[in-house]
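Heads up: the structure comes next, in structure tokens.
The values are calculated or read from the model by the stated rules, or taken from the named source; none is laboratory data. Owing to the predicted nature of the structure, the values given are computational and were not obtained by experimental measurement. Cβ placement follows ideal geometry from the backbone for every residue including glycine, while neighbour counts extend to all protein chains displayed.
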Amino acid sequence: MKSLTAIVQEIVARRARRETADMASSLHLQRDLHLRPLDLALVALDLEEAVDVEVPCQAMTRAGTVGELVAFLTSAVVRARTEQHAGTVVRYLATVPEES
């Protein structure tokens, strides 16, 4: 399984028409890679599909660099998994009979 960093680098590289190996975490998405707002929206959609986590377009404009995008995605995945786990626990507790 690929790491989140590798997934982000691959998707950003594809949209920036660059080699994945060139995707340093310090590269700025708009200034260095020349990604326009539409490109950023497409990156967000690609990331959502790749990791099954919602990536708001506002997050794309706030994440200035490839590294910041990886950090955002990492926290979004952890948050989604935590919420998913909490939902599983709540559903389980709803099935446990109460003691009399």
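Quick check on V78: is it surrounded by fewer than 16 Cβ atoms within 10 Å (Cβ to Cβ), over 9 Å from the mean Cα position of the chain (by Cα), of a type in the set (A, V, I, L, M, F, W, C) and not in a loop (DSSP other than H, G, I, E, B)?
Criteria met by V78.
Scanning segment 25-47 for residues that are in contact with an Asp or Glu (Cβ under 9 Å, 6 or more places away or on another chain) and loosely packed, with under 14 Cβ neighbours inside 10 Å yields a count of 1. For segment 55-71, filtered to residues that are outside any helix (DSSP H, G or I) and of a type outside the set (S, T, N, Q), the residue that is modelled with the lowest pLDDT is P56.
Could you look through segment 1-24, keep only residues that are assigned to a loop (DSSP other than H, G, I, E, B) and of a type outside the set (D, E), and pick out the one that is surrounded by the most Cβ atoms within 10 Å (Cβ to Cβ)? Among those that are assigned to a loop (DSSP other than H, G, I, E, B) and of a type outside the set (D, E), it is M23.
L35 - would you say it is at pLDDT 90 or above, within 16 Å of Q9 (Cβ to Cβ) and not in a helix (DSSP H, G or I)?
Here the answer is yes, as L35 does meet what is asked.
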